[in-house]
Amino acid sequence: MNHLLTTEGLERETLENLLTDADEFAEVLTRPIPKVPALRGKTVATMFFEPSTRTRMSFEKAAKALSADTMSFSPGTSSLSKGESLKDTALTVHAMGVDLMVVRHGATGTPWRLAEWLDIPIVNGGDGAHQHPTQALLDCLTIKQRFGSLDGLEIAIVGDIKHSRVARSDMFAMATLGANVTLVAPPTLLPVDTTRWPAATSTDLDAVMEKMDVVYLLRVQTERGGGSVFPSLPEYTNRYGMTSARFARLKPDAVVMHPGPMNRGVEIGHDVADYERALVLQQVTNGVAARMAVLFALLGGDSDV
Amino acid sequence: MFDIVISGGSVLTRTGIEQIDVGIADGFIAALGSGLEGSEMIDASGAWVGPGLVDLHTHLREPGEEWKEDIATGTAAAAAGGYTAVVAMPNTVPAIDNAQIAFYVSERARRIGYADVFPAGAITMGRLGEHMAHIDELWDAGVRIFTDDGTSLDNAAVLRLAMDYIANLGGVVAQHAVDSTLSAHGCMHEGTVSSRLGMYGIPSEAEEIVIARDLALVRLTGVRYHVQHVSTARGVELVAAAKADGLPVTCEVTPHHLTFDHNDVETTDPDFKMMPPLRSETDREALREGVRDGVIDIVATDHAPHAAREKEVPFEHAPNGVTGLEWAASVAVETIGDDMARFFEALSMTPASIGQIPAHGLALAADQPAHLVVFDPVAEWTPETTRSRSRNAPYLGTQRTGSVRATLLSGKITYEAGS
């Protein structure tokens, strides 16, 4: 593995090795001194062309826990506003001495462009509505810790599938790991053509949710897309929200997940997020461990991943 | 003794294809015959000799965006592609919405001498879709094609009045048929690939809707109407049905829509970004079939240069367009095959006739200006360099069939292979 750009087409073995490493790093993070010297002397740059606080913090924490140095780039304070091309920005930061770049960008394919221009590993930290592979790893890790395996699990991903990089990354990774994935959304928020996707689709949450082991709720992205994609937020909640009433109908050991940030009272009930079977904060914690596994796999050298 | 003799080729004459020599003197075709002697000889053995190619859809970027292309580099690329005449699109800065700019463009090209340039005029002032451009003035300056290319003229009322006006003059309304509301945010064809990449798509219906609406207005106004860069199978069907109804309708297809489809966008390489977008495999096959059977009248390049730095950005942020003048003839012959008459019809004669371009696109005969191309339909080559100022073309580095040996404008060699 030279880069981590997408979960689509990743081998099951690669995913499982990353999850095994991530599980070990999760244990490291519980130690009194949650730090190992694995990447001492390496520099990780986070190139976040799209504003994001939590994902950047998670990557920085992961790099520091592996004793790597970190640098960060954000467009607000950069030469991009002076008209520099993306390629020149990437070459400039690379020339400072960077061993790996984490790239987040609002446009699909940007991490691939950087991988083409630079000879260092690139980690996709989210590109447009396309991919967010470390999110998929942390989600799969969270599910694996809870259920032992993803094999045969019924997983529903609910919400704005069309504009969600989380849905795309999670679907491919979960399917590769043996889960049966169903994408649930209003008809306007399903992609127009999912015929070659390893997932079923539904527009009716109530019809499919009772068999689910995992219900993964997506944030209603009011900032994306524009236009009127569903009638109103209350109507969305009535059909697709994980209210406490719906939660009560789930299988007794089913869990609810959310990538954050949550709109409490919209896609997830006000109190549902705080239930023991809502794994939202475990996902966040696992994010650091999963990203440690990725950085270690790409920079560790002695890894068999 | 002629100035130049093109010898040994298959020549497209008014009476058919003949194996004869073409003798050129004082910028004109002086003789068609055998064993002609010239002070300069061009070997056309194994090659097609016909009227210089005519492109109905070129973006020369001058005035206003000379970092992408200018009239000198654009017409040099045209000559290298076998073209002797191009129609310059009016989406320059400022737009070609008045006679002064139209005159500047054609006159500058005349002084440079690589190809004759016939500017198209904007339909509306500034291409803003509101007020009629200086259509009379443009007409008097020689403009025959009117288009707001780069954007669709969406306002049916504005379009209807412009059609009435242009119909009365005898001009052509050419439409960039992409509905602006359905294509808002979109950067590629809406389908399996856009779904997977998570990119906003442009449904085929964005093209169909505009063509269907415009055809109703053509019926109303009687204007000659030309669909630019048709990209969908249904778009071709609409044009075919309109022709069957006897409406004065023509259409063009670009080389890139004949070669590529939306699967190529998987790479997210911005050189595959253009408007209209690369459509499905089915659409591409329908376009290829349309060129062969003539429902699609012509191949037009939509040569759209952009500087490297403008394309060194993510796909969604990149400007639309690819360059095409230097390999359009290759793509045409790859599509049409060895039908020499259809080749010249689609790349020279019909474009000249649609654009009412004088002295170009004529089967060869004595005493007409020597605007000629010598084209080897089977030579294999790989474009590596370009005479355009820009290199935004996925064709670079790919093997092509059919290459230009020489191009002559008024008897002057504007391009010769290997020189």
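The values are calculated or read from the model by the stated rules, or taken from the named source; none is laboratory data. Remember, it's a predicted structure, so these values are computed and weren't measured experimentally. Glycine also receives a Cβ, built like all others from the backbone with ideal geometry; neighbour counts cover every protein chain displayed. Accessible surface is based on the protein model in full, side chains and every heavy atom, while ligands, DNA and RNA are left aside. Shrake-Rupley method; radii C 1.70, N 1.55, O 1.52, S 1.80 Å.
When A:THR194, A:THR201 are screened for being within 14 Å of another protein chain (Cβ to nearest Cβ) and open to solvent by 60 Å² or more (accessible area, probe 1.4 Å), only A:THR201 passes.
Can you say whether A:THR77 is modelled with pLDDT under 95, out of contact with any strand residue (DSSP E or B) (no Cβ under 6 Å at 6 or more places or on another chain) and among the β-branched types (Val, Ile, Thr), as far as the supplied structure shows? Taking the combined requirement at face value, the residue satisfies it.
For first residues located in the range A:24-49 and of a type in the set (D, E, K, R), partners that are open to solvent by 20 Å² or more (accessible area, probe 1.4 Å) and assigned to a loop (DSSP other than H, G, I, E, B) and lie 6+ apart or on another chain with Cβ distances below 6 Å form the pairs A:ARG40/A:SER67; A:LYS42/A:ASP99. B:SER353 meets the conditions (1) surrounded by 23 or more Cβ atoms within 10 Å (Cβ to Cβ); (2) more than 24 Å from B:GLU380 (Cβ to Cβ) in every case but one. The failed one is (1). Here B:LEU220 qualifies as open to solvent by 40 Å² or more (accessible area, probe 1.4 Å), among the hydrophobic types (A, V, I, L, M, F, W, C), in a helix (DSSP H, G or I) and in contact (Cβ under 8 Å) with a residue 12 or more places away in the chain.
The number of residues in the range B:216-258 being over 23 Å from B:THR151 (Cβ atoms) and not aliphatic (A, V, I, L, M) comes to 7. May I ask you to list the residues in the range A:89-107 that are within 13 Å of chain B (Cβ to nearest Cβ) and within 15 Å of the chain's Cα centre (by Cα)? Listed by number, the residues that qualify are A:VAL103, A:ARG104, A:HIS105, A:GLY106.
Based on this model, can you work out whether B:ALA242 counts as farther than 24 Å from B:ASN91 by Cα and either open to solvent by 20 Å² or more (accessible area, probe 1.4 Å) or within 14 Å of chain A (Cβ to nearest Cβ) (or both)? Against the criterion (farther than 24 Å from B:ASN91 by Cα and either open to solvent by 20 Å² or more (accessible area, probe 1.4 Å) or within 14 Å of chain A (Cβ to nearest Cβ) (or both)), B:ALA242 does not qualify. Taking the criterion of being away from every other protein chain (no Cβ under 14 Å), surrounded by 24 or more Cβ atoms within 10 Å (Cβ to Cβ) and within 15 Å of B:PHE272 (Cβ to Cβ), the residues of the range B:284-313 that qualify are B:ASP302, B:ALA304. Output the residue which, of all residues in the range B:223-239 that are within 22 Å of B:SER195 (Cα to Cα) and among the polar types (S, T, N, Q), is surrounded by the fewest Cβ atoms within 10 Å (Cβ to Cβ). Per the stated criteria, the residue is B:THR232. Here the condition is being surrounded by 15 or more Cβ atoms within 10 Å (Cβ to Cβ), among the acidic types (Asp, Glu) and assigned to a loop (DSSP other than H, G, I, E, B); of A:GLU16, A:GLU8, A:GLU60, it holds for A:GLU8 alone.
Screening the candidates B:ALA177, B:ALA206, B:ALA212 for the property of being at pLDDT 95 or above, under 24 Å from A:HIS163 (Cβ atoms) and small (Gly, Ala, Ser) yields one hit, B:ALA206.
Listed conditions (1) at pLDDT below 95; (2) away from every other protein chain (no Cβ under 14 Å) are all met by B:GLY222, apart from (1). When residues in the range B:88-141 are screened for being open to solvent by less than 50 Å² (accessible area, probe 1.4 Å) and at positive phi, 3 of them pass.
From the list A:GLY106, A:GLY148, A:GLY125, pick out the single residue that is closer than 30 Å to A:MET242 by Cα and at pLDDT below 95.
Values: A:GLY148 fails: at pLDDT below 95; A:GLY125 fails: at pLDDT below 95.
None of the others qualify; the one that does is A:GLY106.
Residues of the range B:1-45 that are in a loop (DSSP other than H, G, I, E, B) and either over 13 Å from B:PRO369 (Cα atoms) or of a type in the set (D, E, K, R) (or both): B:MET1, B:ARG14, B:THR15, B:ASP26, B:SER34, B:GLY35, B:LEU36, B:GLU37, B:ALA44, B:SER45. Might you let me know whether the range A:218-228 holds any residue that is surrounded by 20 or more Cβ atoms within 10 Å (Cβ to Cβ), within 14 Å of chain B (Cβ to nearest Cβ) and closer than 20 Å to A:ALA173 by Cα? Within the range A:218-228, one or more residues are surrounded by 20 or more Cβ atoms within 10 Å (Cβ to Cβ), within 14 Å of chain B (Cβ to nearest Cβ) and closer than 20 Å to A:ALA173 by Cα. Each residue in the range A:233-261 was checked for being open to solvent by less than 60 Å² (accessible area, probe 1.4 Å) and either under 20 Å from the mean Cα position of the chain (by Cα) or not charged (D, E, K, R) (or both), and 17 pass. All of (1) open to solvent by less than 10 Å² (accessible area, probe 1.4 Å); (2) more than 14 Å from B:GLY50 (Cα to Cα); (3) not assigned by TED's automatic domain parsing to the domain that holds B:VAL143 hold for B:THR398 with one exception: (1).
Where the second residue is surrounded by fewer than 22 Cβ atoms within 10 Å (Cβ to Cβ) and part of a loop (DSSP other than H, G, I, E, B) and the first is within 14 Å of another protein chain (Cβ to nearest Cβ) and among the aromatic types (Phe, Trp, Tyr) and lies in the range B:315-326, which pairs have Cβ atoms under 8 Å and are six or more apart or on separate chains? Listed pairs, sorted by first residue: B:PHE315/B:ASP269. No other residue among B:ASP245, B:ASP297, B:ASP302, B:ASP261 is among the charged types (D, E, K, R) and more than 22 Å from the chain's Cα centre (by Cα) apart from B:ASP245.
Name the residue that is nearest to A:GLN283 (Cα to Cα), counting only residues in the range A:114-130 that are part of a strand (DSSP E or B) and within 11 Å of chain B (Cβ to nearest Cβ).
A:GLY126
From B:GLU190, B:GLU266, B:GLU207, grab the single residue that is in contact (Cβ under 8 Å) with a residue 24 or more places away in the chain, among the acidic types (Asp, Glu) and within 14 Å of chain A (Cβ to nearest Cβ).
So the residue among B:GLU190, B:GLU266, B:GLU207 that is in contact (Cβ under 8 Å) with a residue 24 or more places away in the chain, among the acidic types (Asp, Glu) and within 14 Å of chain A (Cβ to nearest Cβ) is B:GLU266.
Within the range B:179-205, the set of residues being in a loop (DSSP other than H, G, I, E, B), within 23 Å of the chain's Cα centre (by Cα) and buried (at least 24 other Cβ atoms within 10 Å of the Cβ) comprises just one member, B:CYS187. With respect to the conditions (1) without any contact (Cβ under 8 Å) to a residue 12 or more places away in the chain; (2) crowded, with 18+ Cβ neighbours inside 10 Å, A:ALA95 lacks only one, and its number is (2). Screening the range B:305-371 for helices (runs of 4 or more DSSP H) wholly inside it with 1 or more residues that are polar (S, T, N, Q) and on the phi < 0 side of the Ramachandran plot returns the ranges B:328-336, B:350-354.
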